[in-house]
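The values are calculated or read from the model by the stated rules, or taken from the named source; none is laboratory data. Owing to the predicted nature of the structure, the values given are computational and were not obtained by experimental measurement. Heads up, the Cβs are rebuilt from the backbone with ideal geometry, glycines too, and the neighbour counts pull from every protein chain shown.
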Amino acid sequence: MLSETRVRQLLEPFGLNLPSGQLNQILTYLDLLLRWNQKINLTAIRNPEECVARHFGESLFLARHEELRGSLLDIGSGAGFPGLALKIPFPELAVTLLEPVAKKRAFLKEAARVCGFNQVAVRPERLEEFVRTAPPASFNSATSRAVGKLERLVPQAAQCLEPGGSIFLWLTRDQGVGIASIESGVAWGEPRPIPLSRTGVILPGKRKVDVARSKPAGVPVSDRHRQRPYCGAPKAAEERFDAVILSPSLSS
């Protein structure tokens, strides 16, 4: 296992200077990730040092530029990067993780438990399903890393954001070239190059307030009239909706 000093060194290129407690959370998360990865495919990266740089460094690089508050929606969470990892620098952030693969959801729940993260909800829906049931414009921010079909993802993610809410996409420069042409009601900022990556960037955007007050982006007109307030899953569907809220007090 890596030492705290070595983790600190690996994160230096990302401009991160984390306190000892947060470095210990990274080590706990990393140990669990490598052990579970022997049985289920969470990441193609097996080397611990590369995991720290590629997963934790690239995810937490956002903390150099942004102060996340309130609620975060992470789309296609996989092994928890960036959404769950962002609980390390932002422990008060309420995070909702969308992950349709059951084994990966089990890992996310266990990672949240052993790292002591509270206010974490793990949901089985894909984004297109989630936007039809969740309250519209209810999140302060949204994230997604290495997820395709941006022409569908961006408008649907924007619908989940409050007016002026932020979206952050981890992608390549080439992927970001045509994103401004996607009709989504999002105003995009300049991409931020990710250290140690040849083409990787974080692309920031904000949902336009005037658009957010009109029609939701990315939802067909016929569906807008059918939307109802979200009241939770009916009892008959409780087993399918295995969203949970985790806190240290419930994990003992």
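A single member of Ser166, Ser141 is under 18 Å from the mean Cα position of the chain (by Cα), closer than 27 Å to Phe107 by Cβ and crowded, with 22+ Cβ neighbours inside 10 Å, and it is Ser141. Taking segment 64-111 as the range and being assigned to a strand (DSSP E or B) and of a type in the set (A, V, I, L, M) as the test, the residues that pass are Leu72, Leu73, Ile75, Ala94, Val95, Leu97, Leu98. Is at least one residue of segment 169-187 modelled with pLDDT of 95 or more, under 18 Å from Leu97 (Cβ atoms) and surrounded by 16 or more Cβ atoms within 10 Å (Cβ to Cβ)? Taking every residue of segment 169-187 in turn, at least one turns out to be modelled with pLDDT of 95 or more, under 18 Å from Leu97 (Cβ atoms) and surrounded by 16 or more Cβ atoms within 10 Å (Cβ to Cβ).
Sort through Arg35, Arg54, Arg69 and tell me the only one that's within 19 Å of Cys115 (Cα to Cα) and basic (Lys, Arg). None of the others qualify; the one that does is Arg35.
Go through segment 60-113 and give me each residue that's of a type in the set (Ser, Thr, Tyr) and over 9 Å from the mean Cα position of the chain (by Cα).
Step one: of segment 60-113, the residues of a type in the set (Ser, Thr, Tyr) are 71, 77, 96.
Once the filter is applied, which keeps residues that are of a type in the set (Ser, Thr, Tyr) and over 9 Å from the mean Cα position of the chain (by Cα), segment 60-113 yields only Ser71.
The set of residues in segment 17-47 being aliphatic (A, V, I, L, M) and either in a helix (DSSP H, G or I) or in contact (Cβ under 8 Å) with a residue 60 or more places away in the chain (or both) consists of Leu18, Leu23, Ile26, Leu27, Leu30, Leu32, Leu33, Leu34, Ile40, Leu42.
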